[in-house]
Amino acid sequence: MTGRLGAGRYLAAEERPTSTVTSVHELTTSDGATVRGVLATVPGARTVVCLMHPRQDVTHHPLVPLLLQSGVAVWTQHTRSVNNDLTLVHEQALLDVAAGQVFLRDTGFEHVVVLGHSGGGTLFAYYLEQAALAPGARIATTPGGRLTKLADAAMPLADGAIFLAPHPGQGKLLLACIDPSVADETDPLAVVPEMDPWNPANGFAEPPQSSSYTPEFLARYRAAQRDRVARIDAVARQALARTAEARAAFKESGAAADRRRSLAPTIMTIFRTDADPRNVDLSLDPSERPYGSLFGKRPDLIDYGQVGFGRLTTPEAWLSTWSGLSSKADFVRCAPGVTAPTLFVELTGDQAAFPADSRRMITALGAGDLTVATVRGLHFGGAIAEGEPTGNQLAAEEIRGWLDKRFPLAPPI
């Protein structure tokens, strides 16, 4: 059995206990979308832990069998954008979360605890922030101007929240790793030399030797990243304005030509999104992380390849999910609204959430009952060194102890 996490790393997972009862459920969200989830439970389980990620299938997450062995049921759910984030709008994903939370309450569990790993952390932080508000106070429109319909949704609050290696949000993550040296958004090879993170003149060293960037270069680099995202935001908003104009024209004219203009999709290609200096200069916000990014050991090459965050996206999805300037799915922004008992587990070798990121997220959380744990492991829950326990195994021990102090657990199986 394998489990897929985050950007697509696979890790071995133990078999589920033989007494587990597993069922697949298809749910309809309040806005009419269809989402699916898997409920795995053990005899006597009164508490259920819910795992979700905005983009990835977590059905076989390595924590599932470990949680079942702890005496809780486990609900793993898809969003409507699972494994295809081209049109991922986070405000719609909140409606997907809500459908699962309603289902779990209706199923009769006494306690529901959400568990967000990686991008799932911000997804649940955003959900809990919005769920705690009166319906009329919830965010009414997406960053692209679409009605969210959050006010019309039943959004049950969870009884507890667990965040495992959460990063600051898809947009904040991309803001830190987008390559600002792109000189032409239509040319993947166009480079502004003085902003090129892979230029030795700017501090880059051939791997596996650590690079060394100066504070002056990093200040210019981070500012240029924000400038690039702002330019892409402007392109996205222009595309949405054209679509809105075409819809208005069709409403007035009824002409097929206007309808076609309103339906024609804009697919944005975002070149070079694996260029966070912290991945190759290990002196920056030091930790136990290895050299390289989430995608591999050669960000200087991967940056030019096909993989990476937000590489293909619609204007609406860019603004809602991938823009670090426009997205509302920002862990630090949402965290004050997370007031349920909370466990935050940091992984010492994390290549996506760095120590300073984790400190900001922890400080922002609004929970009065807040527990912080640090375990040795990589972002996706792997072991840092061969022969060591995995980060997922160590995290599961922390989670089990935290749950046991707050929620009823079924007898060990």
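Miscellaneous remarks
- Any pair with Cβ under 6 angstrom, 6 or more apart, that starts in the range 111-129 at a residue that is touching a residue at least 24 places away in the same chain (Cβ under 8 Å) and ends at one that is among the polar types (S, T, N, Q): His111/Thr47; Gly119/Gln170
- Filter result (modelled with pLDDT under 60, open to solvent by 50 Å² or more (accessible area, probe 1.4 Å) and in a strand (DSSP E or B)) within the range 1-38: Thr2, Arg4, Arg9, Tyr10, Ala12
- One residue stands out in the range 288-314 among those that are open to solvent by 50 Å² or more (accessible area, probe 1.4 Å) and without any contact (Cβ under 8 Å) to a residue 40 or more places away in the chain: the one that is farthest from the chain's Cα centre (by Cα), namely Leu301.
- Candidate set from the range 195-221 (those that are touching a residue at least 24 places away in the same chain (Cβ under 8 Å) and outside any loop (DSSP other than H, G, I, E, B)); member that is most open to solvent (accessible area, probe 1.4 Å): Arg220
- The set of residues from the range 57-78 being more than 14 Å from Val38 (Cβ to Cβ), surrounded by 24 or more Cβ atoms within 10 Å (Cβ to Cβ) and polar (S, T, N, Q) comprises just one member, Ser70.
- If you filter the range 78-107 down to residues that are small (Gly, Ala, Ser) and at pLDDT 95 or above, you find that the one that is farthest from Val49 (Cα to Cα) is Ala93.
- Some residue of the range 341-358 being touching a Phe, Trp or Tyr at 6+ places or on another chain (Cβ under 6 Å), touching a residue at least 24 places away in the same chain (Cβ under 8 Å) and in a helix (DSSP H, G or I): no
- Test: residue in the range 325-335 that is in contact with a His (Cβ under 8 Å, 6 or more places away or on another chain), in a helix (DSSP H, G or I), closer than 30 Å to Arg226 by Cα and open to solvent by less than 30 Å² (accessible area, probe 1.4 Å): yes
- Some residue of the range 233-240 being open to solvent by less than 30 Å² (accessible area, probe 1.4 Å) and farther than 17 Å from Ser326 by Cβ: no
- Subset tally (residues that are open to solvent by 30 Å² or more (accessible area, probe 1.4 Å) and under 25 Å from Gly305 (Cβ atoms)) for the range 248-287: 8
- One residue stands out in the range 351-380 among those that are under 13 Å from Leu173 (Cα atoms) and of a type in the set (S, T, N, Q): the one that is most open to solvent (accessible area, probe 1.4 Å), namely Gln351.
- Selection count, the range 369-413, where residues are part of a loop (DSSP other than H, G, I, E, B) and either within 18 Å of Val49 (Cβ to Cβ) or free of Cβ contacts under 8 Å to residues at least 24 places away in the same chain (or both): 17
- Failed condition for Leu343, given (1) farther than 30 Å from Ala236 by Cα; (2) open to solvent by 20 Å² or more (accessible area, probe 1.4 Å): (2)
- When Pro143 is tested against the conditions (1) open to solvent by less than 50 Å² (accessible area, probe 1.4 Å); (2) closer than 23 Å to His379 by Cβ; (3) of a type outside the set (A, V, I, L, M), the lone failure is (2).
- Any strands (runs of 3 or more DSSP E) falling wholly within the range 64-175 and containing at least 2 residues that are of a type in the set (Val, Ile, Thr) and touching a helix residue (DSSP H, G or I) at 6+ places or on another chain (Cβ under 6 Å): 111-117
The values are calculated or read from the model by the stated rules, or taken from the named source; none is laboratory data. Since the model is a prediction, treat every value here as computed from it, not as a measurement. Here Cβ is always computed from backbone atoms with ideal geometry, including for glycine, and neighbour counts include all displayed protein chains. Ligands, DNA and RNA are excluded from the accessible area calculation, which covers all protein heavy atoms including side chains. Shrake-Rupley method; radii C 1.70, N 1.55, O 1.52, S 1.80 Å.
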